[in-house]
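Right, one structure below, let's go through it.
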Amino acid sequence: MQIIKNFYDPLKYRFDSLRFFIRSNLTKNLSSKLLFKKDLTKLTEKQNEVLLSLKEKGFAKSSIDDLFGNKDEILNRFNSILKDLKKSQEFTNAYKNFSENLNISGKHYIHRLYDNKSFKIDINSYLISFILNEEILDIVNSYFGMYAKLNTADLWITFLNKEKSKRTNAQNWHRDRDDVKILKIFLYLNDIDSNNGATEYIPYSRKKEKYEHLAKFSYGNIAPWKVYPRLDADKDVDKDDIVKFIGKKGTLYFVDTTGMHRGGFSDKDNGERIFGYWSFLSPASVLFNKNFHRPNNDDLKKLKIKQIKAIT
Ligand SMILES: O=C(O)CCC(=O)C(=O)O
């Protein structure tokens, strides 16, 4: 079995890379770019600040105060989703599983509202309607230079415990591999600092930037040792060049996760980190993992063209 896998995996990876190259340069992205150029988007000053920071450093910090007028209404909507989530049996089970397996490898330190693929998120959910807001979509599309596609909409609770001394999975430095540009958006639903698992990011670590050498770029499924390179951040990266994504409730981070990042770890405190979580990819990506239903025609009729482009 392992012999077949060793043969099949690299072959599939090469095939996916070729497919991605064609879709990116000749078909999918080209048409999306042309259409986006034709529609011309004008950004507000606040949106522009986000875009400039993203383009320069690979991330931008903003807030729902800055981008939206109705901060309380938005937070109330998310609070009510959160309240139901915390009452659920799945949440209780997830926390128990985490507490009993603190230092075991795996992603059980994160509880995802919609990760369970047997129930896909409804297109009418607030997690979708929030992110399909033009305030957000205009930034996303301007960063990609085309109409980008929503890949995931979710809400994460990261469990923390000072007895968890080992970093596992995405708590190690890595870059994501689903596309040449990937945009993730985090909306903080509690105050987050280095004691409760703020994500860390290395600006200028995308392709052709100062820290590009830290890990290979690839688009597809590759061996785990390539995903999590042995990186000695103290030695390989100037300490002042590492940014911690700290912020109060209501903070928004826009992050290109092809840049080096690691997250959700704290050996100082117990507690939790809670955020809304969305990811966008270009239409060419061959690694979509959409966790929401494709809308039916009646739902589509209720949406604007920018929103339709993001979810179909
Ligand atoms: O838990 C985190 O902050 C890291 C998340 C992450 O690695 C990712 O979304 O790619």
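Where a number appears in this text, it was derived from the coordinates with a stated rule and is not lab data. A quick note: this is a predicted structure, and the numbers were derived from the prediction, not measured. Heads up, the Cβs are rebuilt from the backbone with ideal geometry, glycines too, and the neighbour counts pull from every protein chain shown.
Close Cβ contacts (under 8 Å, 6 or more residues apart or on different chains) running from residues in region 193-218 that are more than 13 Å from the ligand (Cβ to nearest atom) to residues that are among the acidic types (Asp, Glu) and assigned to a loop (DSSP other than H, G, I, E, B) comprise Asn195/Asp269. Cβ-Cβ distances below 6 Å connect the following pairs, each with a first residue in region 146-158 that is on the phi < 0 side of the Ramachandran plot and acidic (Asp, Glu), a second residue that is near the ligand (Cβ under 10 Å from one of its atoms) and in a strand (DSSP E or B), and a separation of six or more residues or different chains: Asp154/Tyr277.
Yes or no, residue by residue, for (1) closer than 30 Å to Ser99 by Cβ; (2) under 12 Å from the mean Cα position of the chain (by Cα):
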{"position": "Gly263", "(1), (2)": "yes, yes"}
{"position": "Lys268", "(1), (2)": "yes, no"}
{"position": "Gly271", "(1), (2)": "yes, no"}
{"position": "Tyr277", "(1), (2)": "yes, yes"}
{"position": "Ile308", "(1), (2)": "no, no"}
{"position": "Thr312", "(1), (2)": "no, no"}
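Kindly indicate the residue of region 256-273 that is outside any loop (DSSP other than H, G, I, E, B) and surrounded by fewer than 23 Cβ atoms within 10 Å (Cβ to Cβ) and also nearest to the ligand (Cβ to nearest atom) among those meeting that condition. Reasoning before the result, please.
Within region 256-273, the subset outside any loop (DSSP other than H, G, I, E, B) is 256, 261-262, 271-273.
Now drop any that are not surrounded by fewer than 23 Cβ atoms within 10 Å (Cβ to Cβ), which leaves 262, 271-272.
Details: Arg262: 7, Gly271: 14, Glu272: 12 Å.
Checking each candidate, the answer is Arg262.
Residues that are of a type in the set (A, V, I, L, M), surrounded by fewer than 13 Cβ atoms within 10 Å (Cβ to Cβ), closer than 22 Å to Leu281 by Cα and out of contact with any His (no Cβ under 6 Å at 6 or more places or on another chain): does region 54-77 have at least one? Let's see the steps before the verdict.
Start the filter on region 54-77 by keeping residues that are of a type in the set (A, V, I, L, M), which leaves 54, 60, 64, 67, 74-75.
Cutting the leftovers down to surrounded by fewer than 13 Cβ atoms within 10 Å (Cβ to Cβ) gives us none.
No - not one qualifying residue is present in region 54-77.
For region 239-254, name all the residues that are aromatic (Phe, Trp, Tyr) and not in a loop (DSSP other than H, G, I, E, B). Before you say what the answer is, go through the steps one by one.
If we filter region 239-254 for residues that are aromatic (Phe, Trp, Tyr), which is where we start, we get 245, 253-254.
Listed by number, the residues that qualify are Tyr253, Phe254.
If you go through region 175-184, how many residues are in contact with a strand residue (DSSP E or B) (Cβ under 9 Å, 6 or more places away or on another chain), farther than 17 Å from Trp156 by Cβ and within 11 Å of the ligand (Cβ to nearest atom)? Matching residues across region 175-184 total 2. Exactly one residue out of Leu34, Leu30, Leu11, Leu51 is farther than 22 Å from Glu209 by Cβ and surrounded by 12 or more Cβ atoms within 10 Å (Cβ to Cβ): that is Leu30.
Taken over region 101-135, the criterion of being among the aliphatic types (A, V, I, L, M) and not in a loop (DSSP other than H, G, I, E, B) is satisfied by Ile110, Ile121, Leu127, Ile128, Ile131.
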